[in-house]
Amino acid sequence: MQVIVKKDYAQISRLAAEMIADEVRKNPRCVLGLATGSTPLGTYAELIRMHKKEKLDFSQVVTFNLDEYVGLDPKHNQSYWYFMYKNLFKHINIRMENVHVPNGKAEDVDAFCAWYDAEIERFGGIDIQVLGIGGNGHIAFNEPGTAVFSRTGWVSLTKETIRDNARFFRKASDVPRYAISMGIGTILEARKILLLAHKESKASAIAASVDGPITANVPASALQLHADCTFIVDKPAAGKLNRKYGSTLKKLPRA
Ligand code: GLP
């Protein structure tokens, strides 16, 4: 895995957006894997700017989101569907029929999850998967203990994640206890992965994922198994790493 350490959040967001935009320009029908949470908001704002000012074209792009709370209607103001619509989709020229967010109201959740993985395959797999990371090392809603090769399925959220996400709800008891999450195995099938993290509160999770052993206890450590995974982090989030890293993508030295 590559690690890029940027000065601040604005630089993380710009680099991530540039990498995504490069893919969209190179392959207008690309399949993007998208994440929610506060971390990718800057990246989405930059993609919106590129769409408006530089005509970045999303008309043929297909997206798959990582996760959704079980029981929340897409119109609920804390659903991840609503989050994506408000913070990205409604500002760009993506076709809503090309957008996929797990259905938190699916009647048969297991059948839905199997369909979701099959649908990703039908579209040829994910070209770039964007990830944030939870304070406990979770990716999507794969909490510690999730099998490294898990498929999309329903998961129960840890107390820590419920507490972390309570800030978005009126009260902690409103936070759903279950979610649908893309599996770690599903995520690992993406051709390229970008994990974004900022702030000191992510430093332990980043260090455990990059320097620690691959373990189900730190779901993001499974990304060490991926051939093209880049962590883009700010200095505080890089604060507990074992080594120093540069601020640009690694390039072969000139001959
Ligand atoms: C939630 C999401 C994750 C996200 C995490 C971190 O749990 N399911 O996909 O990475 O929050 O959120 P934030 O970026 O707000 O720190």
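For the reader, a short list of remarks on this structure follows.
- Simple point charges give the picture: +1 on the Cβ of Lys and Arg, -1 on the Cβ of Asp and Glu, and for the chain a dipole about the Cα centre of about 1140 debye.
- Karplus (6.51, -1.76, 1.60) ³J(HN,Hα), θ = phi - 60°, over the range 132-147, in Hz, Gly and Pro reported as x: x, 9, x, x, 9, x, 6, 10, 6, 10, 7, 7, x, x, 6, 4
- Overall form of the range 1-118 per C-alpha gyration tensor (a/c, 1.5; a/b vs b/c): prolate
- The range 162-213: radius of gyration and largest Cα-Cα distance (Dmax), Å: 14.7, 39
- C-alpha center-to-center spacing [the range 23-47, the range 177-255] in angstrom: 17
- For the range 161-169, 3J(HN,Hα) computed residue by residue from phi via the Karplus equation (6.51, -1.76, 1.60; θ = phi - 60°) reads 5, 4, 5, 4, 8, 4, 4, 8, 10 Hz, glycine and proline entered as x.
- Projected area, mean over directions - the chain, Cα convex hull, nm²: 13.6
- Cα-Cα P(r), the range 65-182, percent of pairs per 10 Å interval: 13, 45, 36, 7, 0
- Packing-based ranking, highest mean first, of 83-94, 112-123 given that Cβ atoms within 10 Å are counted: 83-94, 112-123
- Available extension along the chain between Arg170 and Arg29 is 46.9 nm, counting 0.36 nm per residue and deducting the alpha carbon span.
- Packing rank of 205-215, 57-67, 162-172, 135-145, where each peptide gets the mean count of other beta carbons within 10 Å, highest leading: 135-145, 57-67, 205-215, 162-172
- Cα gyration tensor shape of the range 197-239, rounded if a/c is under 1.5, else prolate or oblate by comparing a/b with b/c: oblate
- Residues with amide H under 5 Å from that of Glu68, placed H, sequence gap 5 or more: Ile180
- Unit Cα scatterers, Debye sum, the range 32-99: log10 I(q)/I(0) for q = 0.15 Å⁻¹: -0.46
- Cα gyration tensor of the range 168-254 - equivalent ellipsoid semi-axes, whole Å, descending: 27, 18, 13
- Phi to ³J(HN,Hα) by Karplus 6.51 cos²θ - 1.76 cosθ + 1.60 over the range 213-218, Hz, x for Gly, Pro: x, 6, 8, 5, 6, 10
Values in this text are rule-based calculations from the coordinates and carry no lab data. Here the structure is a predicted model, which is why all the values come from computation and not from measurement. Methodologically, a virtual Cβ is constructed for each residue, glycine included, from the backbone with ideal geometry; neighbour enumeration extends over all protein chains shown.
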